[in-house]
Every structure is written in structure tokens, then in C-alpha cells.
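Written below as C-alpha cells is the structure these notes are about.
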Amino acid sequence: MSSQIELRYHLNICCCMIMFAHYIVAMTMKLGLIALLLALTSICVSAAVFHPISQSHRSAALELFSNADGRKQTTAMAMKLGLIAVLLALTSICVSAAVFHPISQSHRSAALELFSNADGSFSSLEEAYEALRTFEVLGIEKKPEDATCKSVVDTLSSPSSNSKDLYHALRVNGLLKCKISTAALEGIASRLKDGLKHATLLLDYYHAVGGLLLIKDQSPEVDVLLGNADGIVRSIKALSQSDGRWRYSSNNPESSTYAAGIAFETLSGVVSLAASVIDENLIGTLKKDIVKLFDSIEKYDDGAYYFDDKHIDASGHQGPLSATSAVVRGLTAFAATSGSLNVPEDKILGLARFFLGIGIPGNSKDLYYQIDALSCLENNGVSVPLILSVPATVLSLTSKDKLKVRVSTVLGSSSPPLSVKLMQVFSSGSKDASVLKQELRFDPKEAIYTMDALPEGVDIGDYVFAFEIVLSDPELKSKYATGGRTKVPVHVTGVVKVDNAKVTLLEGDIVESEKKLDLPGKNDVALSANHLQKLHLSFLLTTPLGKPFKPHQVFLKLRHETGVEHIFVVDNTGKQFKITLDFLGLVEKFFYLSGQYDIELTVGDAVMENSFLQPLGSIELDLPKAPEKATQPPPQAVSPYLRFGPKAEINHIFRVPEKRPPQEVSYAFLGLVLVPLLAFLVGLLRLGVNFKNFPTSAVPATFAILFHGGIAAVLLLYVLFWLKLDLFTTLKTLGLLGVFLMFVGHRTLSHLASTAAKLKSA
């Protein structure tokens, strides 16, 4: 039932926005004003609801890390308005930005549909670990390919692998338990220790210490203890800054929040691997650095805390999600090895709200950052955040819905014994709040806290409920973070009663005719008026508790038979809504258009379950004739069916071919064309042309043949130009042939000249 109420609530929002869009379009055409943001802002709320990790996150993780090689009138109005889609999109963004809905099976279905191609392989060991770690936290059983273990073994056995490669391979091995011998791990530990002696970069310390810590967990018999732990801690501490941020190297002056997170994670590893106790003063200094780091934390209006990192280095920009995840991982790791930290519980809870508030990230790395950080917060030595979530934030007075609240850890585990109290109820737009301190009833079967009836005086509208979590065992306050009061937006819907609806035709103050209306219901009023008369509409709106109700949209629309529309806002005084149209003052607005006008009333609100867009009937107006310089009605929008519909068929008639001459005439002209060729051949015979001077030796004869072949190629080029080649192609080809003819022709003529000279001398 609650899901149906929420669906109806959002449908009411859509209908109201459609109604309002129509009004805005009309006003924009005349005034040039855009007031959409004001309307959308009224729907948004500042409080937020956070929900723990659910099955949908598991579905998204499986797919992200798997690589793959009613109303008829409303419908008619929506067809006319191009802005409705934009308005609805903005409305959904506005609502989803403030209220975080629970994750459901639809998330899993969407993830499986979007990321259906999966072969289980990974492009790198780093990506493999991120996927496997996410699967482990979410409880997803997905066996990776054997190639992953093979890659781990190859990386760990390769002498060319650096500390980063070894670190990622050891992380994957910690999850897959590949077959790695103790001797191999001892050799890797020795290499990592040697790397620590020459380390200068923060990431070098991070990978080497992290790798040794992983070897300690996977093979306790391997010696990974650090004899110079104090010196390593001081070397890493030298990279810290006064504001709590850290540098990646001593040569780089830029500091980073992300670097601070991995620095504290590295330091916690050094403390775990230390052969002797670390100096307590040094540990105390590091704890103060954490407090300084939290002084730079930023906050959203909904109570979510996050770290923003504006540092850009070779690895690229580290955004709020990655930076905050690194800090959480480093914070919880350092607290596990160095004792309690002085971090306020509201900031720990705010960090949890930040990760829960982002929903499902759009890529695998961000999903890993989110899930890994929430896993660290799930059970840490600082403070375990408890999340209060409301499964349904839309409640119906008509259906007598119950208010239900769930309290769990960030990953959905059961909370310790506690009670939930509703402390205050804030009405939307009012700073006053009713103080209740009413405890909700706990249902152990469903692990839900329930309020059987809404507080007295809660009517339809938008509210903010302030809850407070009280732990049953006072000693648990140091372990769990409840965050004081949690504010949750709640929307209460119901049926609005419409009374005393009537439409009146006036001439001066005299009532000419009056008709009662059934709202919402079927009405067919037929009126007739001239420009000296007035149209008056009035009705009463009351809530289920009998209070005055003012919807977001109350419009009266008159549509001329030519399609010209006029929209008016209906004002109210208390419960009564009324509007009077003086046609004498509206003749110019109506463009002096006489004829029939359809009357339509729109009353809509997100919390009004019976919002309506109701035709009331029509009125026949007799207006004066328009003067010569009167404003003309605006051109009406062309129907998209006419603009984009099928066009008239075009029947193309080709030109009739010209009449050709007889074949005899064509053959006669062909003969005349061949006459010059015949004359040329006869002339050659009369002149006694012969081949006596054609070179006989091999080389001169070759050049002579090429020369004559080149001339033939030029003649062939002329034929091709006549048939299909363009001028530019012909000229380029002719240029190449000309160079060729110049060369071979020169050699041929040189040979002939030499031969002639020899004959004369002889």
C-alpha cells in the first residue's frame, strides 16, 4: 500500500507540473518571464533520508566489475507542451537530490540489463582486488577466472616486479588464497624491506608496508617485523603539513587529503609491524594531525561530511569520493592499532551519510571506494554509525498509513538494543514545531519501529519529522554514533474537499445567471455574455481536518475556438478561491475575438490525492470589432503531426528526349571524320616513309620504343579525357607523361644526331 501511495504522490507531482507548465508557457510567450525554478524549489526539501547497503548494491557490484569483451486532458496537454519533459526531469532530480529512496530489486534488474556481458576477467590485479573486495563485503559469491591466480603467481615470482605490483598481487592473493610457497613469500618480504630502506616517496612506503602487512596475515611464520619502525614513522611524518594534509614526496610542495589517508594507513601498518614499541609522543602527534585534518572537513546541508581534494598530480584529480574513502580507510586502520581517536561522532555519522547518500556510483572504481569505506565504518575502533531510514516517506491520511522507521548499521546489520522517539514535527514553511517525544513501537519480527497513528494535528502537507535514537545500554554510547536528532522529510497526502463551487454571470453588481458546479465531476455550463458583463467563479477548498488548503496550482483557462488561450491565476482568501473576469477590461487581451470560449479549471498539488483538470463548459462572448491598429492574435503552434508527418508525393516527369537524325546521316558524318586519317596514311605512303633510321642497337632502340609508346599514351589520355577523366586529373597525368617523353625523346634524338654526324664524316 505504501508503494502505491508513493507512486500516486509522484504522479500528482507530475500532473501538477504539467498544469503549471501550461501556465508558464502562456505567460512566457507574453511576458518573457521564466519562473520554473521557483516552482521546482517548492517541491525540494532540505532534509534527507539515508538507507543502508542492500541487495541492489550487490547486483551493481557484480555487473560493474565484470568486464565484457490518468487523464485524457492531461495526455492531450502533454502532447502540446515541449517543456513538460524538461520540467518532469528537473522535478525528479530535485526530489531525488533531497530524499534518498531505499534500494530495491529494480536496481539489480537495471544493473543486470545494463551490464549483462560478463566474462569474469580483469584488466589488472588492482581492478581484480577492487572487484573481489567489493564482492566479499556485499556477500556475493562469484568465482574469478583461473587466469587471475596465474597472474598473481607470475607477478610474485617475477624479479622485475616493483613494490606496487607486489602489493596488488598480495592483496588479491589474500582473497583468493593462491598457491604461494612460504619461501617465495620470504623472498618477497626481503625485497620489500630493501625497498623501505631506499624509499623516498609516500607511495613507496605505502606499497612496501602494505605488502609486508599482507604477508604477515597470509603467512605468520615469515619474518616481516621492522627493526627501524621509529625511523620509518619519522620519515613518513616529515611529509605531513600543518593543516593535516600530506605530501607525496619531499620535493613536491603540494599537499593532498588523499595522501593523508594513505599516510595514516601506512603508519598503522608500521605500528603493526614494529619490532619494538613506537614512541608514545610520536603516536600522540599523529593523533593531533588527524584532528587537524578533520578541521578541514566540509559539510552538506543534509548533514553529510566529506573531504574534498583539489590536488592534481600524475595520478590525476582525486575527487571527494576517493579522498573521503582514503581518509576513512586510514582513520579506521590507525585507530585499530593506536587506540581511540578524538573525532566527534557527528562527523563519523556524517561520513557514513556521505557514502550512503551518493546511491550507486556510475563506475566500478567509485563503487569500490564507496563499499570499502562503508566496510571500514561498519566495525571500527572510533565509532560505529547507526543509520535511521524511513522506508516510505509518503503517507496517506485516506489509507491511514503507519509511520515506519528502520535503524541499522551502514551495511544493513542489526543495531544494538535501542529505542526511537519522534521528538518534533516541523511543518513546511514554518519554523514552529510541535514537541512530542513519542516513542515508536518496536516490531522484533521485521526489526522496524512503528507509529500506529500520525501525531495529532498532522494534516496533508510537507513535514519534517525529527527522530532521536536512544541506546538501551549507556555503555554503548562510546561505541556507536547516533548523531543526535535525525530529520526526515515526510509528505502526508489526502483528499481535499471542494464545496460551494459556482459560476456566476454579472452585469455590474446584478446577477444575470448562476450555476452550481460539481468539482471534481462532470460539468457542461453554457453561458453567453458581452463585453459589458463579468464572469465570476468561486469555490472552497478544505483539508481532511477542515483547515483551509492552498494548492500549488489553481488556474482558470479560456480557450477560443481558434486555439488562442488565456490563463488566469485564481486567488484565495482563507478557504475561498475566487476570480472575476471583467470582459470590458479584457477585450484587448482577448484580441477582440468574439465567439465561443471553452472554460477549464485546474487545481493541483503534490499532496492532493484528488487533483483535477476539469472542463466546466463554454461561454459565447460578443466583443466589439477590433480597431485598425489593434494587436493581432499570436500565431498558433503548428501541430507536430502536420510538421513531421508524410509530405505530398512528388511525381517527377523526365524531359522527352529530342528527336535523333536518321542512321544514314550519322554514318555519313562518321565517314567524314575518318577522311583526315585516311589522307594522313596516304600522305605517308607518298612521302616514302620507312623505318631505315630506326635504331638497331639495344639501348637506343629501347628509348625509341619508349618515346613512341609515350606519344601513344598521350593520345590515349586524350581519349580518356573525352570519355570520363576531369581536367585536373588529365593535366596531372599529362605533366608526368611530358617529363617522361622529354627524357626518352632527348636520348632518341641524341642517338639519331650522333648517327647522322658519323655518316657525314665518313
Could you tell me which GluC sites (Glu not before Pro) in the range 124-170 are loop residues by DSSP with no more than 12 other beta carbons within 10 angstrom of their beta carbon? Glu141
Considering only protein heavy atoms and a probe of 1.4 Å, how much of the accessible area of the range 436-490 is carbon and sulfur, as a whole percent? 47 percent
Any idea how far apart Ala275 and Ser478 come out in nm if each label point goes 7 Å out from Cα toward Cβ? 3.5 nm
Cα-centred dipole magnitude for the range 664-762, charges only on beta-carbon of K, R (+1) and D, E (-1), debye, nearest 20: 480 debye
Calculate what fraction, in whole %, of the accessible area of the range 157-382 sits on carbon and sulfur atoms when a 1.4 Å probe is rolled over the protein chains. 49 percent
How much FRET efficiency would the formula 1/(1 + (r/R0)^6) give for Lys400 and Asn651, where r is the Cβ-Cβ distance and R0 is 60 Å, rounded to 0.05? 0.30
Inverse of mean 1/r across different Cα pairs in the range 387-493, Kirkwood, Å: 14.4 Å
How much length would be gained if the chain were fully extended between Ala668 and Leu759, taking 0.36 nm per residue of separation minus their Cα-Cα distance, in nm to one decimal? 27.8 nm
When the accessible area of the range 680-761 is split by element with a 1.4 Å probe, what percent falls to carbon and sulfur? 75 percent
Taking the solvent-accessible surface of protein heavy atoms with a 1.4 Å probe, what is the per residue accessible area of the range 536-647 in Å²? 50 Å²
Taking Cα pairs under 8 Å and at least six residues apart, what relative contact order does the range 387-493 come out at, in percent? 33 percent
Any idea what Rg and Dmax come out to for the range 205-285 if you just take the C-alpha atoms, in Å? 13.1, 41
Any idea what the alpha-carbon Rg over 2.2 N^0.38 Å comes to for the range 157-382? 1.00
What is the gain in length, in nm to one decimal, between Leu736 and Ser123 on full extension, counting 0.36 nm per residue of separation less the C-alpha to C-alpha distance? 215.3 nm
So what are the three principal axis dimensions of the range 680-761 from its Cα atoms, in whole Å, longest to shortest? 51, 31, 18
Kirkwood hydrodynamic radius over Cα pairs of the range 594-712, then Stokes diffusion coefficient at 25 °C and 0.890 mPa s, in µm²/s: 91 µm²/s
Kindly provide the GluC sites (Glu not before Pro) of the range 601-650 that DSSP labels as loop, not H, G, I, E or B, and whose Cβ sees at most 13 other Cβ atoms within 10 Å. Glu628, Glu649
Among bridges DSSP assigns within the range 387-493, what percent are antiparallel (round to 5)? 90 percent
Between the range 163-214 and the range 649-692, what is the separation of their alpha carbon centroids in Å? 90 Å
Separation between Cα centres of the range 516-557 and the range 428-504, rounded to whole Å: 34 Å
For the pair Val699 and Arg441, how long in nm is the line joining their label points, each one 7 Å along Cα→Cβ? 11.8 nm
Options Leu672, Val689, Leu616, ranked by Cα towards positive dipole end of the range 612-693, top entry (Cβ charges): Val689
Let me check against my output: what whole-number percent is the relative contact order of the range 578-652, with C-alpha pairs under 8 Å and at least 6 apart? 29 percent
Using the Kirkwood radius over C-alpha pairs as Rh, can you work out the diffusion coefficient of the range 497-637 via Stokes-Einstein at 10 °C, viscosity 1.306 mPa s, in µm² per second? 99 µm²/s
Length released on extending from Lys143 to Ser249, taking residue separation times 0.36 nm less the Cα-Cα span: 34.3 nm
Name the GluC sites (Glu not before Pro) in the range 174-283 that are in a loop by DSSP and that have at most 13 other C-beta atoms within 10 Å, would you? Glu221
Between Glu514 and Lys547, take the C-beta separation as r, use R0 = 41 Å, and let me know the FRET efficiency to the nearest 0.05. 0.90
Among the listed pairs Lys402/Lys578; Lys142/Lys421; Lys400/Lys550; Lys659/Lys724; Lys437/Lys477; Lys404/Lys557, those beyond 31 Å (Cα-Cα): Lys402/Lys578; Lys142/Lys421; Lys404/Lys557
With point charges of +1 on the Cβ of Lys and Arg and -1 on the Cβ of Asp and Glu, referenced to the Cα centre of the range 157-382, which listed residue (Leu351, Ile290, Leu214) lies farthest in the positive direction of the dipole? Leu214
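The values are calculated or read from the model by the stated rules, or taken from the named source; none is laboratory data. Because the structure is a prediction, the values reported are computed rather than measured. Counting neighbours? That spans all protein chains shown, and the Cβs are built from the backbone with ideal geometry, glycine included. Surface areas here come from the heavy atoms of the whole protein model, side chains and all, with no ligands, DNA or RNA. Shrake-Rupley method; radii C 1.70, N 1.55, O 1.52, S 1.80 Å.
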